[in-house]
C-alpha cells in the first residue's frame, strides 16, 4: 500500500471518528464533509503538486486540532475554515476542479437572464422567465454531469 493511501485512510478514519463525536451542527461548522472530499483530491494530486503535498500536513493538523478539542474558539474556527477554503481555491485554480452544483447555479442565472430578455421582447416576462429557468437548469445539469464524468468535481 502506498503512503498516499495510508495517509488518506488515516484521514478518512479520523474524519469518521469526528463525525460520530460531533453534532450535525458542529459537522457543518467545521466543514467535515468538504474536508473529506478535499482530502481525497489532495491525496490524488499530492504526488504531482508540491502545494497539494504540503496541504496533506495542513489537513493532518486540522484533524488533530479538531480531535483534541471539544470546541474551537471563534478565531480558531475561522482559521480552520479559511484553511479549507484556501485548499478548495487551490484545487479550483491549479487543478481546474469545480464544486458540486456549480454549473447548476451558473446555468440557472444565465437561463433566467436570457429568459427575461426573451420574455420582454415577446411581451410576456413570466413565460420567458420559466422557459429560461428550465433551459438554464437543463444546461447546468448537463455540464455538471460532464464534469462528474471527467472527474472534475471536488
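The values are calculated or read from the model by the stated rules, or taken from the named source; none is laboratory data. Computed from a predicted model, the values in this text were never measured in an experiment. In this analysis, Cβ positions are derived from the backbone assuming ideal geometry, glycine residues included, and neighbour counts consider all displayed protein chains.
So if I check each of 40, 5, which one is out of contact with any strand residue (DSSP E or B) (no Cβ under 7 Å at 6 or more places or on another chain) and either at pLDDT 90 or above or not in a helix (DSSP H, G or I) (or both)?
Sole residue among the options that is out of contact with any strand residue (DSSP E or B) (no Cβ under 7 Å at 6 or more places or on another chain) and either at pLDDT 90 or above or not in a helix (DSSP H, G or I) (or both): 40.
Of the numbered conditions (1) touching a strand residue (DSSP E or B) at 6+ places or on another chain (Cβ under 8 Å); (2) surrounded by fewer than 16 Cβ atoms within 10 Å (Cβ to Cβ), residue 154 fails exactly one; give the number of that condition.
Looking at each condition in turn, residue 154 falls short on (2).
What do you reckon, is residue 132 over 26 Å from residue 9 (Cβ atoms) and buried (at least 17 other Cβ atoms within 10 Å of the Cβ)? Spell out how you get there, then give the answer.
Values: over 26 Å from residue 9 (Cβ atoms): yes; buried (at least 17 other Cβ atoms within 10 Å of the Cβ): yes.
In short, yes.
Inside the range 49-154, counting only helices (runs of 4 or more DSSP H) that do not spill past its ends, which hold 3 or more residues that are under 16 Å from residue 37 (Cα atoms) and assigned by TED's automatic domain parsing to the domain that holds residue 32?
50-68, 74-95
Taking the range 33-43 on its own, how many of its residues are free of Cβ contacts under 8 Å to residues at least 24 places away in the same chain and either farther than 19 Å from residue 81 by Cα or surrounded by 17 or more Cβ atoms within 10 Å (Cβ to Cβ) (or both)?
Count: 0.
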